[in-house]
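The structure appears below as structure tokens.
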Amino acid sequence: MNELVNFLEQSFLKQKLKKNCHLLVGVSGGIDSVVLGHSLSQLRSQYPFDLTFIYVDHQLHPESKKWAESVKRLAKKLSTEYIYEKVYIDQDLKLGIEGAARKHRYQAFQKHQQDILVLAQHEDDQLETLLLQLARGAGLKGLSCMPEYHDDLKIWRPLLGVSKELIYDYQQQHKLKFIEDPSNQDNKYDRNYLRNKVIPLIKKRFLQFASTSGRSVRHMADAYNYQNSMSAELYKNVLESTHQINGLKLKKLSEYDIGNVIRYWLNEHQVLMPSMKVLNQIVNQVKKIDLESRINIKVDGMSIRSYNNSLFLINNSENSFKPVLWKNHNKVILSNNREVLSSKIVGQGLLLDASKKILIDKPLNMNLKIKIKANQPARSLKYIFQENKIPPWERENYPCLYVEDKLIAVIGLADSVEYAANKKEVGVVFMYKKNPSMAGI
């Protein structure tokens, strides 16, 4: 058996994939993906699995459609299903052209992935990734680079331990046609610069550098996985709700563990990791947290804020909503899928006159008051929010109920006793529902 196919078989068996699973192979037409696709078709004769090639056309090169045709021909020759997917690359300044292309490529893969996505990154690709991460000052997670098999995303990279030389040997042996993308020679891109300039120079001095550095990557991945499992346990101990952490419990940890728990928390919500400077700022403020603390640190479109000795992960998107005229609606949708629900119940809730203007709106003034109990003075909005421990950032967009411009309820928190239904009357009970998937709303 060919050495590369043997390597592929060992990786296949190691993953213990289910019988008759579907493998979606990303094939660009370049030598790496062509060799991967061809070698998998050879392996298919021994193991029962379904195989599909997918070509993602980024439309960044005038020859991209011709490349698609070459992949189509290969798929036909190998009696393999073929998918062509066209994507449109937006000018994402944050990601850059490479990052934007990668984002859309993976979205295309996910669209057609049934079981396992198979990609052709090899030993040198892993080395390029490691060097890029080192240049960025990455931590253990970044230095772990690409796993051979990603269990959550179901992505298999069987060639990660295979040298480029072995890939060339296989291509020569089977006389496989492949495409040379001219953009791979453009050294303005960091990865190309490393591939074309830096790595060949290193390999002249250290012949096994790609292989030995791959071993180091696996060691770092083991260390990261262990660290992550420890952080997960600490995270469970300080977690109060999806977007809320107990600040007093967190501050008792070491600075190292606080940093790891914050990273774990952000990763759980798919928030990009902050710089070390910002992370240290968060850790330092957590160590000093108390009832007077007002932490407010921005991280990737979100904010970490504190209130009442807790940390909150807040979505910085606009939570404001337009006033809604209520006309016996059972449900009113506010911004970010926040809802006001209502139901009619005998002897509960508010007695409302449908002929009057009933409005759901934000607090117009924190000094506005509601008389909640007959034997107590009227309470201001500020007092009601404080008593119910509503964080300051939620208060200005909290839904209130007005009748002819008079405040009669802070929905879900306080109703005016003057509008309360008696035991025999049908009242309207309002409830404020926040979508749990939306942070800080």
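The values are calculated or read from the model by the stated rules, or taken from the named source; none is laboratory data. All values reported here derive from a predicted model rather than from experimental measurement. So basically every Cβ, Gly included, is an ideal-geometry build from the backbone, and we count neighbours across all protein chains shown. Side chains are part of the model used for accessible areas, which takes the heavy atoms of the whole protein and leaves out ligands, DNA and RNA. Shrake-Rupley method; radii C 1.70, N 1.55, O 1.52, S 1.80 Å.
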Worksheet item: Under 8 Å by Cβ, and 6 or more places apart or on different chains, what pairs join a residue from region 66-81 that is over 14 Å from V25 (Cα atoms) with one that is aliphatic (A, V, I, L, M) and in a loop (DSSP other than H, G, I, E, B)?
Response: W67/I179; S70/I179
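Restricting to region 310-322, name every residue that is under 30 Å from S355 (Cβ atoms) and open to solvent by less than 20 Å² (accessible area, probe 1.4 Å).
Of everything in region 310-322, just one residue is under 30 Å from S355 (Cβ atoms) and open to solvent by less than 20 Å² (accessible area, probe 1.4 Å), namely F321.
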Fill in: Enumeration of residues in region 391-420 that are among the aromatic types (F, W, Y), farther than 24 Å from R294 by Cβ and open to solvent by 10 Å² or more (accessible area, probe 1.4 Å)
Y419
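State which residue is surrounded by the most Cβ atoms within 10 Å (Cβ to Cβ) when the search covers only region 282-309 and only residues that are small (G, A, S) and within 26 Å of the chain's Cα centre (by Cα).
Quick first cut of region 282-309, residues small (G, A, S) only: 293, 301, 303, 306.
After this cut, where a residue has to be within 26 Å of the chain's Cα centre (by Cα) as well, the list is 301, 303, 306.
Values: G301: 10, S303: 18, S306: 22.
Only one residue fits best here, namely S306.
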Discussion item. Here is a check on your reading of the model: is K423 open to solvent by 70 Å² or more (accessible area, probe 1.4 Å), at positive phi and in contact (Cβ under 8 Å) with a residue 60 or more places away in the chain?
Written reply: no
Worksheet, complete the sentence: For Y383, the lone unmet condition from (1) aromatic (F, W, Y); (2) open to solvent by 70 Å² or more (accessible area, probe 1.4 Å); (3) assigned to a loop (DSSP other than H, G, I, E, B) is (3)
Item to complete: With respect to L279, determine if the residue is open to solvent by less than 20 Å² (accessible area, probe 1.4 Å), in contact with a helix residue (DSSP H, G or I) (Cβ under 9 Å, 6 or more places away or on another chain) and not aromatic (F, W, Y).
Response: yes
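Just the residues that are out of contact with any helix residue (DSSP H, G or I) (no Cβ under 9 Å at 6 or more places or on another chain) and on the phi > 0 side of the Ramachandran plot, please, taken from region 309-347.
Hits for region 309-347 are N328, N336, N337, G347.
What helices (runs of 4 or more DSSP H), lying completely within region 145-239, carry at least 1 residues that are open to solvent by 50 Å² or more (accessible area, probe 1.4 Å) and under 30 Å from P62 (Cβ atoms)?
Details: elements: 164-174, 190-193, 199-205, 209-238.
Here the list reads 164-174, 190-193, 199-205.
For (1) in contact (Cβ under 8 Å) with a residue 60 or more places away in the chain; (2) at positive phi, each residue gets a yes or a no:
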position	(1), (2)
G349	yes, yes
L359	no, no
M366	no, no
A374	no, no
Q386	no, no
I390	no, no
L401	yes, no
Item to complete: Mind checking which strands (runs of 3 or more DSSP E) fall wholly inside region 1-94 and carry at least 3 residues that are open to solvent by 70 Å² or more (accessible area, probe 1.4 Å) and over 26 Å from Y168 (Cβ atoms)?
Response: 81-86
Worksheet item: So, of the residues in region 323-340 that are within 29 Å of the chain's Cα centre (by Cα) and open to solvent by 20 Å² or more (accessible area, probe 1.4 Å), which turns out to be nearest to P274 (Cα to Cα)?
Response: N336
